[in-house]
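The values are calculated or read from the model by the stated rules, or taken from the named source; none is laboratory data. Small disclaimer: the values here were computed from a predicted structure and weren't measured. Cβ coordinates were reconstructed from backbone atoms using ideal geometry, including for glycine residues, and neighbour counts include every protein chain displayed. Areas reflect the complete protein model, heavy atoms only, side chains present, ligands, DNA and RNA absent. Shrake-Rupley method; radii C 1.70, N 1.55, O 1.52, S 1.80 Å.
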Amino acid sequence: MSPAPVPPARDDLLTIRQMCAMFDVTPRTLRFYEAKELLAPQRRGTARFFGYRDRARLKLILRGKRFGFSLEDIRQLLEMYDRAPGQQEAQLARTYAIAQDRLAQMERQRAELDEAIAELKDQMNWGATALSAMRSAAE
């Protein structure tokens, strides 16, 4: 059994390959977020190097995407943090408001899905009963 990977130090720069491995994303994903100006890796020739800030931002981006936040919402939250270091109350309040909206949306979707599942189960039960009756009648 191999030892667990050592997390990078705060000042370490990671290559695109290391970032992909660390966050389980593709190079295309990293380039996409860079093109959308959500990440800003250092460049040395054609090579990209990602610092602590990019790692922290990618972690927040991926978490936001998992929760269903739009890229625009994520961008706004990251920009608020960049513009007002040390004043995180506004960012936290905005994040909380977006999260409340998203949670309400997810709960509505879950209710709709629960309803659709129950309806499908009812239809399947009806179908199973009808098939059973047809098979019994054929015997």
Quiz item: What 222 nm value per residue comes from the helices of the chain, counting each DSSP H run with n ≥ 4 as -39,500 (n - 2.57) and dividing by all residues, nearest 500 deg cm²/dmol?
Solution: -23500 deg cm²/dmol
Self-check item: Relative contact order (%) - criterion: Cα under 8 Å, at least six apart; region: the chain
Solution: 15
Quiz prompt | FRET E, pair Arg44, Tyr96, Förster distance 35 Å, beta-carbon r, rounded to 0.05 | solution = 0.35
Quiz prompt | Rg [Å, one decimal], Dmax [Å, integer] - the range 1-61, C-alpha atoms | solution = 11.6, 39
Quiz item: Simple spin-label model, 7 Å along Cα-to-Cβ: Met124 to Leu103 in nm?
Solution: 3.1
Practice problem: Could you check how much of the accessible area of the chain is carbon and sulfur, as a whole percent, using a 1.4 Å probe? | Solution: 55
